[in-house]
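See below for the structure under consideration.
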Amino acid sequence: MFALSNPSRVQILGCLLDGPRAVGEIVDAVAMEQSAVSHQLRVLRDHALVRVSREGRQRVYAIHDEEVAELLDAALAHVERRHSRSARVRTTSEAAG
């Protein structure tokens, strides 16, 4: 899926797993320029992965729905499992060598 092919977008989605956030909070959490975060949020919104609401003058973004949260949780768990297996393989091969 194109929308999840960019690490910055995945990082933003991961940030939103903790709950809705204003753009400024997302910028601080992911340490990216505001314009870059806004661009990535637009892509995520266009692909129905996040939703936006207005609270006063701020735009607040949230994961679109539970299905998106489950998809992201599964993807992150997959990456963690692969990383753990790779670390075990390296440790085993280093011990043997």
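Each reported figure results from applying straightforward, stated rules to the coordinates on display, with no laboratory input. What you see is a predicted model; the values in this text were computed from it and never measured. Cβ placement follows ideal geometry from the backbone for every residue including glycine, while neighbour counts extend to all protein chains displayed.
From (1) closer than 17 Å to Leu4 by Cβ; (2) assigned to a helix (DSSP H, G or I), pick out the condition that doesn't hold for Ser35.
Only one criterion is unmet by Ser35, namely (1).
Name the single residue that is surrounded by the most Cβ atoms within 10 Å (Cβ to Cβ) among those in region 1-32 being part of a loop (DSSP other than H, G, I, E, B) and of a type outside the set (Asp, Glu).
Step one: of region 1-32, the residues part of a loop (DSSP other than H, G, I, E, B) are 1, 5-6, 17-20, 31-32.
Restricting the remaining residues to those that are of a type outside the set (Asp, Glu) gives 1, 5-6, 17, 19-20, 31-32.
Values: Met1: 8, Ser5: 8, Asn6: 13, Leu17: 13, Gly19: 9, Pro20: 15, Ala31: 8, Met32: 17.
Among residues in region 1-32 that are part of a loop (DSSP other than H, G, I, E, B) and of a type outside the set (Asp, Glu), the one surrounded by the most Cβ atoms within 10 Å (Cβ to Cβ) is Met32.
Suppose we filter Gly14, Gly19 for residues that are within 17 Å of Glu70 (Cα to Cα), out of contact with any helix residue (DSSP H, G or I) (no Cβ under 8 Å at 6 or more places or on another chain) and touching a residue at least 12 places away in the same chain (Cβ under 8 Å); which single one remains? Before you say what the answer is, go through the steps one by one.
Values: Gly14 fails: out of contact with any helix residue (DSSP H, G or I) (no Cβ under 8 Å at 6 or more places or on another chain).
Answer to the selection: Gly19.
Between His47, His39, His64, His78, which is loosely packed, with under 12 Cβ neighbours inside 10 Å and of a type outside the set (Ser, Thr, Tyr)? Step through it out loud before you land on a result.
Details: His47 fails: loosely packed, with under 12 Cβ neighbours inside 10 Å; His39 fails: loosely packed, with under 12 Cβ neighbours inside 10 Å; His64 fails: loosely packed, with under 12 Cβ neighbours inside 10 Å.
The unique qualifying residue is His78.
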